[in-house]
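Report on the structure given below.
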């Protein structure tokens, strides 16, 4: 009997120790997932959940005016298996990372195309969109960061995060036919009955910083999005003082802080894989600051005076670049 009592005490002691060990080894910011079913389709967020533990959160552990991983440890991931509009921005189905930019004056949500990274590996060049969030004060504090969905209708809902005394949220809605993210477009002009045409894709700013971030300085840019930007001319042109024979070309560019170099490549239509061996000409374009931001990205051909002259203009955000164009 005495042996049985000792054995019972030993088992209880081992269980207590193992429980304490598990508690000690439990992650301070456990990984969690939230899901929302909208019209038989799913949107989900996977994130780590830090707790206050007596610390000041907003403006302290979460500093103002710095991009925050919106959780802890690994980056917070958002996955949707349907196209939607979130914060007024069209978002194609896929997997993204979710970040925030907290500020005393207001918050922004950031959706980024990079996935699988640690939460300190934020790359603004891969931002898909930034948009304003609604911020509200909570009457009682939330100890552990909580991200949740509210289904507010058959095809729409709210994404919200709560921590300390702060509630941040935005609306989203399922959209089967969202507009193309970077729609195809073209501009053309006739000079002495010869057609000059540019075909390109038009990316939108979507709240992002464009020059030096989305379009890096001192790097080759496809001068648009998706497929290569094409120049077609039925006659020999003079662009920015450089002769360009009749034919089909691809336009690339090398933007910098103070300059913009347009690159005309002999490579034909197709994917925008740049090959310097195909360069025909490098043309310096004149930069102008615009008072009203240009969005989406725009390329235009505009008649000058006399009528066998024109202007080639490229504009996005607060910048516009111009080159003279004429028949040689």
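Would you mind telling me which numbered condition in (1) exposed (fewer than 15 other Cβ atoms within 10 Å of the Cβ); (2) at pLDDT 95 or above; (3) assigned to a loop (DSSP other than H, G, I, E, B) residue 28 fails?
Failed condition: (2).
What is the residue count in the range 134-171 for residues that are assigned to a strand (DSSP E or B), over 17 Å from residue 33 (Cβ atoms) and at pLDDT below 95?
Within the range 134-171, the first condition is being assigned to a strand (DSSP E or B), and the residues that meet it are 134-151, 156-171.
If we keep only those that are over 17 Å from residue 33 (Cβ atoms) as well, we get 134-143, 156, 158, 163-171.
From what's left, at pLDDT below 95: 156.
Result for the range 134-171: 1.
Would you pick out the residues in the range 106-130 that are more than 26 Å from residue 40 (Cβ to Cβ) and assigned to a strand (DSSP E or B)?
108, 110, 112, 118, 127, 130 - these are the residues of the range 106-130 that are more than 26 Å from residue 40 (Cβ to Cβ) and assigned to a strand (DSSP E or B).
Kindly provide the set of residues from the range 31-65 that are under 19 Å from residue 153 (Cβ atoms), in contact with a strand residue (DSSP E or B) (Cβ under 8 Å, 6 or more places away or on another chain) and not in a strand (DSSP E or B), ordered by number.
39
Among the residues of the range 202-223, write down those that are buried (at least 19 other Cβ atoms within 10 Å of the Cβ), within 22 Å of residue 264 (Cβ to Cβ) and touching a residue at least 60 places away in the same chain (Cβ under 8 Å).
Listed by number, the residues that qualify are 202, 203, 215, 223.
Would you check which residues across the range 174-189 are in a strand (DSSP E or B) and surrounded by 15 or more Cβ atoms within 10 Å (Cβ to Cβ) and list them? Quick ask: steps written out before the conclusion?
First, the residues of the range 174-189 that are in a strand (DSSP E or B): 174, 184-189.
Those that are in a strand (DSSP E or B) and surrounded by 15 or more Cβ atoms within 10 Å (Cβ to Cβ): 174, 185, 187, 189.
Need pairs with beta-carbon distance below 6 Å; first residue touching a residue at least 60 places away in the same chain (Cβ under 8 Å) and in the same structural domain as residue 278 (by TED's automatic domain parsing) and within the range 241-256, second loosely packed, with under 14 Cβ neighbours inside 10 Å and assigned to a loop (DSSP other than H, G, I, E, B); sequence gap 6+ or separate chains.
243/328
Quick check on my filter: what residues within the range 242-259 are within 30 Å of residue 90 (Cα to Cα) and assigned to a strand (DSSP E or B)?
Matches in the range 242-259: 250, 251, 252, 253, 254, 255.
Name the residue that is surrounded by the fewest Cβ atoms within 10 Å (Cβ to Cβ), counting only residues in the range 279-316 that are in contact (Cβ under 8 Å) with a residue 24 or more places away in the chain and not in a strand (DSSP E or B).
Per the criteria, the residue is 307.
Scan the range 227-261 residue by residue and report those that are under 25 Å from the mean Cα position of the chain (by Cα) and crowded, with 21+ Cβ neighbours inside 10 Å.
Result: 228, 229, 251, 252, 253, 255, 260.
The values are calculated or read from the model by the stated rules, or taken from the named source; none is laboratory data. Only a predicted model underlies this, so the values are computations on that prediction, with no experimental measurement involved. Using ideal geometry, Cβ is built from the backbone for each residue, glycine included, and neighbour counts are taken over all protein chains shown.
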